[in-house]
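K.L.:
First the structure, which I've put down as structure tokens, then a few questions once you've had a look.
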Amino acid sequence: MNGGTGSKRAVGDVLHAVVERGWCSGCGVCAAACPADALAMAPDAEAALVPHDVGGCTACGRCIAVCPFGPHGPDEDALAAQRFADAPRHGGIGHARACAAGFAATERAHGASGGLATWTGVRLLESGAVDAVLAVGPVADGRMFAYRACSDVAALRACSGSHYHQASLDEALRAAVRARSRVAVVGVPCTIKALRRAASEWPALAACLGPCLGLACGQQKTHAFTALLAQRAGVPHEASVRTVRYRIKRDGVPPHRFGVEVGYATGAATATASGEFPFDAWVPRVFTLGACEWCDDLAAETADVTFMDAWVEPYLSEPRGTSIAIVRSAEMAALLEAGVADGSVSLEALAPDAVRVSQAAGLSYKSTGLADRLWRAAGSGMAAPRKRIAPGRDRRILRSLANRLVSDVARASRRSFALTGDAEAAFRATTIRRMVASIARSLDARLPSRGRTS
């Protein structure tokens, strides 16, 4: 590797200690923060975005210091306490001044759920609180999705919706810092954590970074997931996928049963194909990043406000979609209260317990499930990142088996895609593991909970 091998905190260390162990989430903050531009983001053999050493490392250590899965720096609890200590803390969701469910009428139709994240970004732009909002949206340069600096409302609305396709923050963040722009950033938990760490290491970023708008995240997918959607929708093998809409709301259909739409080109001809969202690949974690096995933050606990789907009744049956907001900073609380006052936002107070119920499966995977994975890693001598949750064996044998199998599914599907380049074939290669995991979960659900022990 180029340069820096004599330092514990050089490019060589972030590649060895994080990327080569499969812990990289592809956020790109390390590449953005590098003062020598020694890292470049690109897909690896498994179609996951990771940093690559392009030379010039000065061993300053900033890359490993900002990495959300790196061994250095404060964890989510410490980062959140620095900013939100005046707000009560709730298990699983972090600090919260208030929790609410609702929607923004102007943004709901093109949002994945209730449109509150887009509405918040629009208000920040219109009020002049920020110069731009950095958000993931479609691009026409072959990447399909990338972080874009949205300086007007139309650009931000073009980024609405869920995009289950990795996008790196490095280019947009570097450009914002160089322009000394005041920016808000929309991101998943690991990206927001990396930004918080980076702000303490990179003074120029600290001067530019405005509100962080978190998106709850149960898992991230490699680019192979998009390839699977395209195959399932009937896109010809020789075609080039140009656009994907991952979550299309349909009249009379609950918001958690959404469709997909894929735009593609064959030569000069363009076409669109439609299909169903592949829940048979989503639930058993086919093509899920390795980093997601070790994540203990579903609710973006270091963000000023976090938005998520309201997967709880009575909102679950509303086909137009409903958002949940976990409000942490006073600035975001005031902004949302102003929206309620002027009628642009409709919100109902929600108890923290209801928020946890709405995300129960994801929180279980990132708590008792993670404890069990850490316990197994310790027993086998496998390296694992430093986490807030202590290792602890899950005494529910069937649940533990299902947990282990879905980890195997994620790894096997990524490896298979790397070998074949065929997403559907990689999916089929995990059939037995997926079936056994499903049976184990079903049987476990019929048994009384016995918790876990360390």
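What follows is calculated from the coordinates using simple rules that are stated; it is not laboratory data. As the structure is a computational prediction, the values presented were derived from the model and not from experiment. Cβ placement follows ideal geometry from the backbone for every residue including glycine, while neighbour counts extend to all protein chains displayed.
K.L.:
So for HIS95, HIS256, fewest C-beta neighbours within 10 Å to most, what's the order? Mind dumping the intermediate values first?
P.N.:
Values: HIS95 22, HIS256 15.
Ascending Cβ contact count within 10 Å gives the list HIS256, HIS95.
K.L.:
Along the positive direction of the dipole of the stretch 246-400 (beta-carbon charges: Lys, Arg +1; Asp, Glu -1; about the Cα centre), which of GLY263, ALA390, SER317 reaches farthest?
P.N.:
Value: ALA390.
K.L.:
Further question: Arrange the peptides 195-202, 281-288 so that the one whose residues have, on average, the most other Cβ atoms within 10 Å appears first. Numbers along the way, then the final one.
P.N.:
Values: 195-202: 22.1, 281-288: 23.8.
With the highest mean Cβ count within 10 Å placed first, the list reads 281-288, 195-202.
K.L.:
Taking each pair of different alpha-carbon atoms in the stretch 225-277 once, compute 1/r for the pair, average those values, and report the inverse of that mean as the Kirkwood hydrodynamic radius in Å to one decimal. Don't jump to the answer; show the numbers that get you there.
P.N.:
Values: mean 1/r = 0.0882 Å⁻¹.
Mean inverse Cα-Cα distance, inverted, gives 11.3 Å.
K.L.:
Next up: Please compute the net charge surrounding GLY111, taking Lys and Arg as +1 and Asp and Glu as -1 over other residues with Cβ under 14 Å from its Cβ.
P.N.:
Details: positive: ARG108, ARG157, ARG245, ARG247, LYS249, ARG320; negative: GLU107, ASP309, GLU318.
Taking every other residue near GLY111 into account, the sum is +3.
K.L.:
If you put +1 on each Lys and Arg Cβ and -1 on each Asp and Glu Cβ, how big is the dipole of the stretch 11-66 around its Cα centre, in Debye rounded to 20? Before the final figure, lay out each step's value.
P.N.:
Numbers: 2 positive and 6 negative charges, 34 e Å.
It works out to roughly 160 debye.
K.L.:
On to the next question. Apply the Karplus curve 6.51 cos²θ - 1.76 cosθ + 1.60, θ = phi - 60°, to the phi angles in the stretch 236-249 and return the couplings in whole Hz, x for Gly and Pro.
P.N.:
Karplus values, whole Hz, x for Gly and Pro: x, 4, 7, 6, 10, 6, 10, 9, 9, 10, 7, 9, 9, 6.
K.L.:
Amide H of ARG393: which non-local residues (sequence gap of 5 or more, or other chain) have their own amide H closer than 5 Å, using H built in the peptide plane?
P.N.:
Those lying under 5 Å, H to H, from ARG393 are THR453, SER454.
K.L.:
Shifting gears a bit: Once you have the alpha carbon radius of gyration of the stretch 370-440, what is it after dividing by 2.2 N^0.38 Å, with N set to its residue count?
P.N.:
On the way: Rg = 13.9 Å, N = 71, 2.2 N^0.38 = 11.1 Å.
Relative to the 2.2 N^0.38 Å estimate, the stretch 370-440 comes out at 1.25.
K.L.:
Moving on. How much net charge surrounds LEU398 when only the other residues with a Cβ under 9 Å from the Cβ of LEU398 are counted, with Lys and Arg +1 and Asp and Glu -1? Present the calculation step by step, with values, prior to reporting the outcome.
P.N.:
Details: positive: ARG396, ARG399, ARG441; negative: ASP444.
Summing Lys and Arg as +1 and Asp and Glu as -1 gives +2.
K.L.:
Would you mind getting the Kirkwood hydrodynamic radius of the stretch 272-312 from its Cα pairs, rounded to one decimal in Å?
P.N.:
Numbers: mean 1/r = 0.0751 Å⁻¹.
Across the stretch 272-312, the inverse of the average 1/r is 13.3 Å.
K.L.:
Within the stretch 287-311, list the residues whose amide N lies under 14 Å from a label point set 7 Å along Cα→Cβ of SER127.
P.N.:
Answer for the stretch 287-311: 304-305.
K.L.:
Can I ask one more? I'd like to know how the chain sits against the 2.2 N^0.38 Å rule of thumb: what's its Cα Rg over that expected value?
P.N.:
Numbers: Rg = 21.1 Å, N = 454, 2.2 N^0.38 = 22.5 Å.
Here the answer is 0.94, to two decimals.
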